[in-house]
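J.: This is the structure I want to talk about, given as structure tokens.
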Amino acid sequence: MTAAIGTRGVSRRFPGVIANDCITFDVVPGEVHAVLGENGSGKTTLCKILAGLYRPDEGDVVIDDEVVRFNSPRDAYESGVFMVQQHFSLVERLTVADNVVLGWSKRRGFRHRRKEVEAEVAATAEQFHLEVDPSAYVWQLSVGERQRVEILKALYRGARILILDEPTTVLTPQECEHLFDSLREMTANGASVIFVSHKLREVMAVCDRVTVLRKGRVVGSVDIDEDGADPRMLARLMVGREISLMTKPPANVPDDAPVALDVAGLRVANDFGRLRLKDVSLQVRRGEIVGLAGVAGNGQRELAEAISGLRERQAGTVTVGDQPLRSSSPRHAIESRLAYVPEDRLGTGLVATLKVTDNVVLKDFRSPELSWGPVIRSDKVHARTRRLMEQFDVRGTPDNTVRQLSGGNAQKVLLAREMSSDPVVLVVAAPTQGLDISATESVRSLLLEAAASGVGVLLISEDLDEVLDLADRVAVIYDGRIMGVVDAEGADRDEIGLMMAGMEVGA
């Protein structure tokens, strides 16, 4: 079959790195084609070449089996190739219709007739089941609706090939299903979709074929149905070895287990002074993992920061073990044996320009074991660092700066520091965000080991699959409120998804 889009021996080099090494692959009309690979495998570079953002050093891009030359994204647009990136490019103060035609119009001139454009956008949205009001302002829309607008922009402008980079990161399960339905409608009408994702279950659910990259090269191409593909096979192709994303065994934490973390009636404002957490109450017991599920921006960051002492509380209490914590006192939280792994690992959790040794002792360099008064005992610091790097399988040397480490190794340095502090409770936010499947396997294993050792773990994640795989109980947050708490074993994903969208379930 004629390739809707593809590459022939494409290579792209950056200083010291071969990002793409003689890549040949095809996407045929009417299919959803996944591109998989670990971080650094060359997925994003390949997609940017297809979208006209990069030019290949060698090889060709083909459309309908004809060689094309893209000197800019506009050239790609004119050939019907559009890329929707993770971070949306919408103007919040404009309407949906205004965003769709911003910088582009079917008509000549600088003005457009609003009603005509809204009618055309509405017709395109209806055709592809992308439910959105063309007259609504973007700031009024949910994250899922904003993503529909990005896709709608491409379809309205005549997209035949749509490249989606991690499209489900901030969607509820229902919004994911809605997206998949729209993609099927697009491919049924002859369009092609390139789907980049780390979530193997989603790839299995929506994709027809998969191309797997490793170290810049194609290592396999799989037809989901004909080749009997499953997540284990795809993970093995990505990493080159067997991968097992560990899941938590059924909960065996007794109801009378000691409480590691007790949050009661918490009210917290955001950075603009608006109330963000509204009477949040939550408990985590020793040896238990409680997952906090929710779409990004519903108060997760404020909750983590209020618990760890980084944000002022307007009302409510936080207790670690039997120790009430003072508001806005990170040191008191540390002294009470609360460990915290923030979502922004390099901006908040670690100092990227300091060595691994310095980062490992940031919280307890005053301890007698590591210092004589104001003098740091460098031999002791290096000894501890080497021990933790070996224990947590951190690849690198103690004298590497954190910025020289991969994302997975930086995350393991952060976990090593926090988990080695003998915590009562570990608050961890988005622990595998941005990590590839191999690093994700390591981080999940460390969290399960922490719970097995008796630590209470509050896992804050926007990845519902991860929450259900690791947690004993799942709390759902929406607009700063806890919508409900359910046992993870046998949990109904649809009910959790409804709560993530703000709906009361079982009331």
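J.: Scan the stretch 13-29 residue by residue and report those that are touching a helix residue (DSSP H, G or I) at 6+ places or on another chain (Cβ under 7 Å) and either under 15 Å from LEU164 (Cα atoms) or among the aliphatic types (A, V, I, L, M) (or both). Show your work before the answer.
T.: First, pick out the residues of the stretch 13-29 that are touching a helix residue (DSSP H, G or I) at 6+ places or on another chain (Cβ under 7 Å): 19-20, 23.
Within the stretch 13-29, ALA19, ILE23 qualify.
J.: Still on this model: Only residues that are outside any strand (DSSP E or B) and surrounded by 19 or more Cβ atoms within 10 Å (Cβ to Cβ): list them for the stretch 56-66, please.
T.: Of everything in the stretch 56-66, just one residue is outside any strand (DSSP E or B) and surrounded by 19 or more Cβ atoms within 10 Å (Cβ to Cβ), namely PRO56.
J.: Between LEU46, LEU53, which is touching a residue at least 40 places away in the same chain (Cβ under 8 Å) and surrounded by 15 or more Cβ atoms within 10 Å (Cβ to Cβ)?
T.: Answer to the check: LEU46.
J.: ASP399: in contact (Cβ under 8 Å) with a residue 40 or more places away in the chain, in contact with a His (Cβ under 9 Å, 6 or more places away or on another chain) and either in a loop (DSSP other than H, G, I, E, B) or surrounded by 17 or more Cβ atoms within 10 Å (Cβ to Cβ) (or both), yes or no?
T.: yes
J.: Continuing with this model, one more query. Identify all residues within the stretch 243-286 that are within 24 Å of THR172 (Cβ to Cβ), at pLDDT below 85 and assigned by TED's automatic domain parsing to the domain that holds SER328; write none if there are none.
T.: Selection gives nothing.
J.: Just to verify a result, which residue in the stretch 181-212, among those that are part of a helix (DSSP H, G or I) and among the small types (Gly, Ala, Ser), is nearest to ALA235 (Cα to Cα)?
T.: Selected residue: ALA205.
J.: Follow-up question, since we're still on this one. For residues that are under 20 Å from GLU92 (Cα atoms) and either modelled with pLDDT of 85 or more or outside the structural domain of ASP98 (by TED's automatic domain parsing) (or both), tally how many sit in the stretch 111-139.
T.: Number satisfying all stated conditions: 14.
J.: Quick one: in the stretch 67-82, which of the residues that are in a helix (DSSP H, G or I) and in contact (Cβ under 8 Å) with a residue 12 or more places away in the chain is farthest from VAL149 (Cα to Cα)?
T.: Selected residue: ASP75.
J.: Return the pair list, or none, for Cβ contacts closer than 6 Å from residues in the stretch 433-459 that are over 17 Å from VAL290 (Cβ atoms) to residues that are among the charged types (D, E, K, R), at least 6 apart or on different chains.
T.: ASP436/GLU38
J.: Going through the stretch 133-151 one residue at a time, which ones are farther than 30 Å from ASN39 by Cβ and buried (at least 23 other Cβ atoms within 10 Å of the Cβ)?
T.: PRO134
J.: Can you say whether GLU131 is out of contact with any strand residue (DSSP E or B) (no Cβ under 9 Å at 6 or more places or on another chain) and either within 24 Å of ASP494 (Cα to Cα) or not β-branched (Val, Ile, Thr) (or both), as far as the supplied structure shows? Walk me through how you get there before you give the answer.
T.: Details: out of contact with any strand residue (DSSP E or B) (no Cβ under 9 Å at 6 or more places or on another chain): yes; either within 24 Å of ASP494 (Cα to Cα) or not β-branched (Val, Ile, Thr) (or both): yes.
So GLU131 passes the test.
J.: One residue is enough: does the stretch 436-458 have a residue meeting the conditions in a loop (DSSP other than H, G, I, E, B), modelled with pLDDT under 90, among the small types (Gly, Ala, Ser) and in the same structural domain as ASP344 (by TED's automatic domain parsing)?
T.: No: the stretch 436-458 contains no residue that is in a loop (DSSP other than H, G, I, E, B), modelled with pLDDT under 90, among the small types (Gly, Ala, Ser) and in the same structural domain as ASP344 (by TED's automatic domain parsing).
J.: Moving on to the next point. Would you mention how many residues in the stretch 213-231 are outside any strand (DSSP E or B) and of a type outside the set (A, V, I, L, M, F, W, C)?
T.: 8
J.: Right, here's the next one. Among the residues in the stretch 347-363, are any surrounded by fewer than 23 Cβ atoms within 10 Å (Cβ to Cβ) and closer than 28 Å to ARG214 by Cα?
T.: yes
J.: Scan the stretch 399-427 residue by residue and report those that are under 22 Å from PRO342 (Cα atoms) and more than 25 Å from the chain's Cα centre (by Cα).
T.: Of all residues in the stretch 399-427, those under 22 Å from PRO342 (Cα atoms) come to 400-427.
The answer is ASN400, SER420, SER421, ASP422, PRO423, VAL424.
Each row is one residue, and each column tells you yes or no for (1) of a type outside the set (Asp, Glu); (2) modelled with pLDDT of 90 or more; (3) over 28 Å from the mean Cα position of the chain (by Cα).
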| position | (1), (2), (3) |
| --- | --- |
| ILE5 | yes, yes, no |
| GLY30 | yes, yes, no |
| ASN39 | yes, no, no |
| VAL62 | yes, yes, yes |
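J.: Just a yes or no: is a residue in the stretch 352-366 without any contact (Cβ under 8 Å) to a residue 24 or more places away in the chain, assigned to a loop (DSSP other than H, G, I, E, B) and either closer than 22 Å to THR432 by Cβ or not hydrophobic (A, V, I, L, M, F, W, C) (or both)?
T.: yes
J.: Of all residues in the stretch 370-380, count the ones that are surrounded by 10 or more Cβ atoms within 10 Å (Cβ to Cβ) and at pLDDT 75 or above.
T.: Residues flagged as surrounded by 10 or more Cβ atoms within 10 Å (Cβ to Cβ) and at pLDDT 75 or above within the stretch 370-380 amount to 3.
J.: Additional query: Mind listing just one residue for me: the one in the stretch 459-498 that is acidic (Asp, Glu), part of a helix (DSSP H, G or I) and in contact with a helix residue (DSSP H, G or I) (Cβ under 9 Å, 6 or more places away or on another chain) and, of those, surrounded by the most Cβ atoms within 10 Å (Cβ to Cβ)?
T.: GLU466
J.: Could you list, in sequence order, all residues of the stretch 1-40 that are touching a Gly at 6+ places or on another chain (Cβ under 7 Å) and not in a strand (DSSP E or B)?
T.: Hits for the stretch 1-40 are PRO29, GLY30, ASN39.
Residues checked against (1) of a type in the set (A, V, I, L, M); (2) surrounded by fewer than 17 Cβ atoms within 10 Å (Cβ to Cβ); (3) in contact with a helix residue (DSSP H, G or I) (Cβ under 9 Å, 6 or more places away or on another chain); (4) within 19 Å of VAL486 (Cα to Cα):
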{"site": "ALA257", "(1), (2), (3), (4)": "yes, yes, no, yes"}
{"site": "ASP262", "(1), (2), (3), (4)": "no, no, no, yes"}
{"site": "ASN270", "(1), (2), (3), (4)": "no, yes, yes, no"}
{"site": "VAL280", "(1), (2), (3), (4)": "yes, no, yes, yes"}
{"site": "GLY287", "(1), (2), (3), (4)": "no, no, yes, yes"}
{"site": "ALA306", "(1), (2), (3), (4)": "yes, no, no, no"}
{"site": "GLY309", "(1), (2), (3), (4)": "no, no, yes, no"}
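J.: Applying the selection to the stretch 287-310, what residues are farther than 17 Å from GLU489 by Cβ, in a loop (DSSP other than H, G, I, E, B) and either touching a residue at least 40 places away in the same chain (Cβ under 8 Å) or not assigned by TED's automatic domain parsing to the domain that holds TYR340 (or both)?
T.: GLY294, VAL295, ALA296, GLY297, ASN298, GLY299, SER308
The values are calculated or read from the model by the stated rules, or taken from the named source; none is laboratory data. Computed from a predicted structure; not experimentally measured. Neighbour counts are summed over all protein chains in view; Cβ atoms, including those assigned to glycine, are modelled from backbone coordinates with ideal geometry.
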